[in-house]
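Enquirer: Questions regarding the structure given below will be posed in turn.
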Amino acid sequence: MTYYRIGADRGDMLSGVSGVVVHDHWQPYFTMPRVEHALCNAHHLRELQALSEIEHEDWSRLMQTLLRRACHVEHLCRDKQQAPDQRLIDLITRRYDAIVASGITFHKGLPALRQKLKKDGTPRAGRPKRRVGHNLAKRLGDHKEAVLRFLTNPDVPFTNNQAERDGRMMKLKQKISGCFRSLQGAKDFTLIRTLIGTAKKQGWGVIQSLMRDPNDLIKELRTV
């Protein structure tokens, strides 16, 4: 389970968080203490699809297929309320390693990209520039455990789409009306939307939840 404490700015949003954080590889997330990381595979699938269609990199097509099949395996096991067989996880992991290795080998065999030079003709400081596919293959290799965490932890989803869906109404409100007339109005809106989202996840009736005593709802959540 992941817990969030929303503060006044982005720095506060990253503090006081525990559990597993499912995110899109934004680097500051990796500086968060006392959490485990899981990477959103919806982002990976989109990047792999682009590499396959535009750059025609065969390893990306194979990785895309593997992740989709791994997701299917996880969904079947979740429906049966059981964990994936360890032998199957090991098989997926070995295949994953082989595909990542083939992608890195493919890119190492390509001509090096032209590096930016200083005025005196010497290379600029920093790591050599790499192709998009090379960066993705390296990321998948370096963060394999975070990419495949959904297979070993039943509480971790394949993507972070749920978090994005939860924030969609806030963004829609911002796009349509642009702002709230008062700070209290904004607080009331976010409180109601949070309660509605929680009620749906817990299987409660939305109207009944809005009419109940907030203290009773808090007590019920603590028993879940």
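The values are calculated or read from the model by the stated rules, or taken from the named source; none is laboratory data. These numbers were taken from a predicted model, which means no experiment stands behind them. For neighbour counting, all protein chains shown are included, and Cβ atoms are generated from backbone atoms with ideal geometry for every residue, glycine included.
Enquirer: Please work out which one of (1) modelled with pLDDT under 85; (2) under 22 Å from residue 44 (Cβ atoms); (3) not β-branched (Val, Ile, Thr) is the condition residue 91 fails and give its number.
Expert: Going through (1) modelled with pLDDT under 85; (2) under 22 Å from residue 44 (Cβ atoms); (3) not β-branched (Val, Ile, Thr) one by one, residue 91 breaks only (1).
Enquirer: Would you please list the contacts, defined by Cβ atoms under 6 Å and residues six or more apart or on different chains, that run from a residue in the stretch 179-207 that is touching a residue at least 60 places away in the same chain (Cβ under 8 Å) to a residue that is assigned to a loop (DSSP other than H, G, I, E, B) and exposed (fewer than 13 other Cβ atoms within 10 Å of the Cβ)?
Expert: Close Cβ pairs (under 6 Å, with a partner that is assigned to a loop (DSSP other than H, G, I, E, B) and exposed (fewer than 13 other Cβ atoms within 10 Å of the Cβ)) do not exist here.
Enquirer: Restricting the stretch 173-206 to residues that are closer than 24 Å to residue 162 by Cβ and loosely packed, with under 10 Cβ neighbours inside 10 Å, which is modelled with the lowest pLDDT?
Expert: 175
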